[in-house]
Amino acid sequence: STQGTPRESTGTASDQHGTSTSRTDRETGQSRAAGTRSRTGETAESMVSPADRRFMTEAAQGGVAEVQLAQLAQQKASSDQVKELAKAIEQDHQKANEELKTIATNRQVDLPAEPGPKHKQLMSRLEKLEGAAFDKAYTDAMVKEHKAEIKKFQKHAKSGLDTDVREF
């Protein structure tokens, strides 16, 4: 190739160390580490176990759902106590979501920004309710969801491979 010719036209280029980089990496600005092999042959993505990755994904979906459901409850609840509960849940889960995002970013794990299907179903069901019926359905759902999530978190705290994910 000629010295003045842009290398992007070939679709690949070499960095100062002679490592081939794709145009996509340069165009998106994403770190090459996410898709390239290290000297040990591991990709950055392989640094997180499938179980830790699944846990982080499910925790992110649940966290996003809790925030959205809490926001809905603050609008629709008839009881001030339910509104206060929803506000506390929203604040707690926003903080937890940020902590999880930090862990995920440090491990190059993309987290979903949307709730999972079961949470979307719950949201749809709650949106149709009003007054005391909403209050009861929301609080019952929060108790049930939190009990289930506590079990998942406790299980992963014992079995997860990544220390930060386990401690989360």
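The values are calculated or read from the model by the stated rules, or taken from the named source; none is laboratory data. Note that this is a predicted model, so its numbers are computed, not measured. Every residue, glycine as well, gets a Cβ built from its backbone with ideal geometry; the counts of neighbours run over all protein chains shown. In case anyone asks, the SASA skips ligands and DNA or RNA and just uses the protein heavy atoms, side chains included. Shrake-Rupley method; radii C 1.70, N 1.55, O 1.52, S 1.80 Å.
Among 71, 94, which is the only one that is at pLDDT 95 or above, over 18 Å from the mean Cα position of the chain (by Cα) and either of a type outside the set (Asp, Glu) or open to solvent by 70 Å² or more (accessible area, probe 1.4 Å) (or both)?
On the way: 94 fails: over 18 Å from the mean Cα position of the chain (by Cα).
Criteria check complete, one pass: 71.
Restricting to helices (runs of 4 or more DSSP H) lying wholly in the stretch 102-168: which have 3 or more residues that are open to solvent by 20 Å² or more (accessible area, probe 1.4 Å) and closer than 19 Å to residue 88 by Cβ?
On the way: elements: 117-127, 131-159, 163-167.
The qualifying helices (runs of 4 or more DSSP H) are 131-159.
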